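The values are calculated or read from the model by the stated rules, or taken from the named source; none is laboratory data. Everything quoted here is computed from the prediction, not taken from an experiment. Methodologically, a virtual Cβ is constructed for each residue, glycine included, from the backbone with ideal geometry; neighbour enumeration extends over all protein chains shown.
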Amino acid sequence: MSTEAMPTDSSAHRPRPKGIYLLPNLLTTGCLFSGFYAVVAAIDKHFAPAGIAVFVAMIFDTLDGRAARLTRTESAFGKEYDSLADMVSFGVAPAIVSYQWGVVRIAEYGRAWGRFGWLAAFFYAVCAALRLARFNARAASADKRFFEGLPSPSAAAIVAAFVWFSSEWHEPGLTGLIAAFCITAAAGGLMVSRLSYPSFKQFDLDRRVRFFYILLVPLFFVLIAIDPPTMLLSIFGTYALSSPVLWVGRRLRRAFRGPPVIS
């Protein structure tokens with residue numbers, strides 16, 4: 001029997017090359033760059049590219065964790081780097097994009113409105129930082145099936161999609177500007193809430209599904225391709241509102257049922 005294919009003891013215990021760690025960290029760097037580009041684009045008044053950049057950051061953020069798990073290159077450094085990149089891409093970038101899009105315009109209606117705008121943007125950034133810090137502190141004991149509070153990428157998607165959608169408005173008016181900052185502040189509040197959101201991390205790709213659901217996949221991408229900002233805003237807005245709506249529904253059912261009757 002040939003021994004060329006048989007691993008030796010030294011090769012079996014040979015440490016994994018450090019170069020393999022470049023893959024997840026490069027993807028994390030792509031997430032960071034996308035967030036940085038969103039900030040630069042917003043400063044240059046290119047709001048549609050700024051919104052798109054936030055969604056590109058979401059793609060990189062999804063890929064870096066999966067690449068680390070598939071290549072078995074998860075590390076404490078990678079987790080910290082990923083968290084810092086998330087803060088830039090899903091915390092600072094959406095806040096600045098919202099600020100640059102609306103504060104100058106809303107300030108034309110009065111100084112008080114201008115202060116409301118930048119306070120809403122800063123509130124979002126603070127909530128994103130608190131959300132990420134809480135996630136890191138409770139990651140070991142948290143239920144993997146659910147997120148506590150709206151995930152920061154989803155919150156960033158709502159703000160970015162709304163600004164992307166609204167960038168086609170030449171004159172959004174005071175109502176549109178107030179809506180933008182209320183959505184920004186609401187997304188921040190949902191991030192630090194105690195509401196539970198499904199994580200979809202336990203989704204089984206090997207499970208059998210009906211053919212009808214397979215047809216929904218290309219339809220889903222076709223709808224996004226037709227009108228990306230509208231569809232993305234609808235999808236992530238529905239996801240963000242799902243937990244508050246369910247919470248209110250449970251409260252109403254309890255109120256209608258009344259206290260239990262003790263015989």
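Odds and ends about this structure:
One line per residue, one yes/no per condition, for (1) under 21 Å from Tyr124 (Cα atoms); (2) out of contact with any Gly (no Cβ under 9 Å at 6 or more places or on another chain); (3) at pLDDT 95 or above:
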| residue | (1), (2), (3) |
| --- | --- |
| Glu4 | no, yes, no |
| Ser10 | no, yes, no |
| Cys31 | yes, yes, yes |
| Ser34 | yes, yes, yes |
| Val88 | yes, no, yes |
| Gln100 | yes, yes, no |
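- Failed item, numbered, when Leu223 is tested on (1) surrounded by 12 or more Cβ atoms within 10 Å (Cβ to Cβ); (2) modelled with pLDDT of 80 or more: (2)
- Selection count where residues are within 23 Å of Phe33 (Cβ to Cβ) and surrounded by fewer than 24 Cβ atoms within 10 Å (Cβ to Cβ), scope the stretch 93-107: 3
- Tabulated pairs, the stretch 66-85, first under 23 Å from Phe200 (Cβ atoms), second not in a helix (DSSP H, G or I), C-beta under 6 angstrom, 6+ apart or interchain: Ala68/Glu74
- Top-ranked residue in the stretch 135-177 [being among the hydroxyl-bearing types (Ser, Thr, Tyr) and more than 18 Å from Ser193 (Cβ to Cβ); ranked as surrounded by the fewest Cβ atoms within 10 Å (Cβ to Cβ)]: Ser141
- Some residue of the stretch 63-79 being outside any loop (DSSP other than H, G, I, E, B), of a type in the set (D, E, K, R) and modelled with pLDDT of 90 or more: no
- Of all the criteria given as (1) over 19 Å from Phe236 (Cα atoms); (2) touching an Asp or Glu at 6+ places or on another chain (Cβ under 9 Å); (3) modelled with pLDDT of 90 or more; (4) surrounded by 22 or more Cβ atoms within 10 Å (Cβ to Cβ), the one not satisfied by Ala50 is (1).
- Residue within the stretch 80-94 that is in a loop (DSSP other than H, G, I, E, B), out of contact with any strand residue (DSSP E or B) (no Cβ under 6 Å at 6 or more places or on another chain) and acidic (Asp, Glu) present: no
- Residue in the stretch 191-201 that is at pLDDT 80 or above, assigned to a helix (DSSP H, G or I) and surrounded by 15 or more Cβ atoms within 10 Å (Cβ to Cβ) present: yes
- Counted residues, the stretch 64-92 - those being among the polar types (S, T, N, Q), within 20 Å of the chain's Cα centre (by Cα) and surrounded by fewer than 19 Cβ atoms within 10 Å (Cβ to Cβ): 1
- Matching residues in the stretch 34-65 - criterion: being among the hydrophobic types (A, V, I, L, M, F, W, C), free of Cβ contacts under 8 Å to residues at least 12 places away in the same chain and more than 15 Å from Ala95 (Cβ to Cβ): Ile59
- Of all the criteria given as (1) touching a strand residue (DSSP E or B) at 6+ places or on another chain (Cβ under 6 Å); (2) modelled with pLDDT of 90 or more, the one not satisfied by Phe122 is (1).
- Some residue of the stretch 108-127 being within 12 Å of the chain's Cα centre (by Cα), surrounded by 15 or more Cβ atoms within 10 Å (Cβ to Cβ), assigned to a helix (DSSP H, G or I) and in contact (Cβ under 8 Å) with a residue 40 or more places away in the chain: no
- Residue within the stretch 151-158 that is at pLDDT 90 or above and farther than 14 Å from Ala95 by Cα present: yes
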